[in-house]
1. Got a sec to turn the phi values of the range 161-178 into Karplus ³J(HN,Hα) couplings, 6.51 cos²θ - 1.76 cosθ + 1.60 with θ = phi - 60°, whole Hz, x for Gly and Pro?
2. Between THR286 and ILE309, what is the label-to-label distance in nm when each label sits 7 Å out along the Cα-to-Cβ direction?
3. Per residue, how much accessible area does the chain have with a 1.4 Å probe, in Å²?
4. Any of LYS42/LYS247; LYS121/LYS247; LYS28/LYS121; LYS42/LYS121 with alpha carbons more than 21 Å apart? Name them for me.
5. Taking Cα atoms, how many degrees apart are the long axis of helix 258-278 and the longest axis of the chain, rounded to 10 and kept between 0 and 90?
6. Have a look at ALA67, PHE222, PHE193 and report the one farthest towards the positive end of the charge dipole of the chain, computed about the Cα centre with Cβ charges (Lys/Arg +1, Asp/Glu -1).
7. Relative to the first principal axis of the alpha-carbon coordinates of the chain, what is the inclination of helix 120-147, with its axis defined by its Cα atoms, in degrees from 0 to 90 and to the nearest 10?
8. Would you mind estimating how fast the range 1-151 diffuses translationally, via Stokes-Einstein at 4 °C and 1.567 mPa s with the Kirkwood radius over Cα pairs, in µm²/s?
Amino acid sequence: MLGRILGGIATSLLFSAFESWLVAEHNKRGFEQQWLSITFSKAIFLGNGVVAILAGLLGNTLVDALALGPVAPFDAASCFLTIGMFVILFSWTENYGDPSENKDLLTQFRGAAVAIASDEKIALLGAIQSLFEGSMYTFVFLWTPALSPNDEDIPHGFIFATFMLSSMFGSSLASRLMARQAPRVESYMQIVFAVSAASLLLPIVTSFLVAPSKEKGGSISFAGCIQLLGFCAFEACVGLFWPSIMKMRSQYIPEEARSTIMNFFRIPLNIFVCIVLYNVDAFPMTVMFGMCSIFLFVACFLQRRLMAIADKPKTEDWVAMKERDSEAEPLNI
């Protein structure tokens, strides 16, 4: 329980502090905004992709080849975390923010709540993030029993590495998309959410079309292979999601409250995951995947709304500019 409490603190830092530090440092050095998108894509490609694949293979080797037991990957992870701590401690500069705006914790949370309530774009972004990540974390707990409903012997480490390879493909595709003027992030993310929702419907489709096997053990079934393809498509969408949502957060979330707002987004996410996991035995697997798919379709509609709002000010500014130009023109008498 103590480890989980510390893990919750560490996870909040992982998904807020590093990104906030990067955006602040990037702007402070006067780099081009386009470079920020490239950095996000490379971070997901290398961090969530290459390093995760190596971690999955290492964990599989420690458990199976070296027979060190299921706890060995956790011990190895603590070693890498210690190395990362020393690297950051001795090579990173601190970002203290604006000393003149040194606010207490309650004031920071109040300011973040006001920013979310007053700006629909920030609220939509938070809802989209919570819906997608909630579905993603639920998928993390469901994919193993979905692929081995009858205790089939599946290579977990290699399947995880395959998922990460799919995520790498998604992040690489996101890098190419964000390097172009069109389509915009707000536009193609609608397709990403729709595809991810459809991919999580596969376990429901296969349960109707493929007769379930009653045989215990053995290798992965035909239905499991079809689901695995869908899960790889979902992981590709995850790879597209991370750099894209980082790009949108850098555009819409104000710098002075970035970390606090991003942690605000994690509150409904954690509540959602807790509710799902608490009731995981009360519902069939297909119901859980169907619920995740519904949430992803909702995220798709919210993303469409976000794109409409993001385009609206530009249209209004253009109309106002044309009106000013027409008023400034001399009258021809």
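1. Listing the rounded values in order: 5, 5, 4, 5, 5, 5, 5, 4, 4, x, 5, 5, 5, 4, 4, 5, 5, 6 Hz.
2. Distance between the two pseudo-spin positions: 3.7 nm.
3. Ligands and nucleic acids excluded, the result is 58 Å² per residue.
4. Working: LYS42/LYS247 13 Å; LYS121/LYS247 14 Å; LYS28/LYS121 25 Å; LYS42/LYS121 26 Å.
Those over the limit are LYS28/LYS121; LYS42/LYS121.
5. So the inclination is approximately 30 degrees.
6. Of ALA67, PHE222, PHE193, it is PHE222.
7. For 120-147 against the chain, the angle is about 10 degrees.
8. 67
The values are calculated or read from the model by the stated rules, or taken from the named source; none is laboratory data. Owing to the predicted nature of the structure, the values given are computational and were not obtained by experimental measurement. Positions of Cβ are generated from backbone atoms using ideal geometry, with glycine treated the same way; all protein chains shown enter the neighbour counts. Keep in mind that these areas ignore ligands, DNA and RNA; they rest on the heavy atoms of the full protein, side chains included. Shrake-Rupley method; radii C 1.70, N 1.55, O 1.52, S 1.80 Å.
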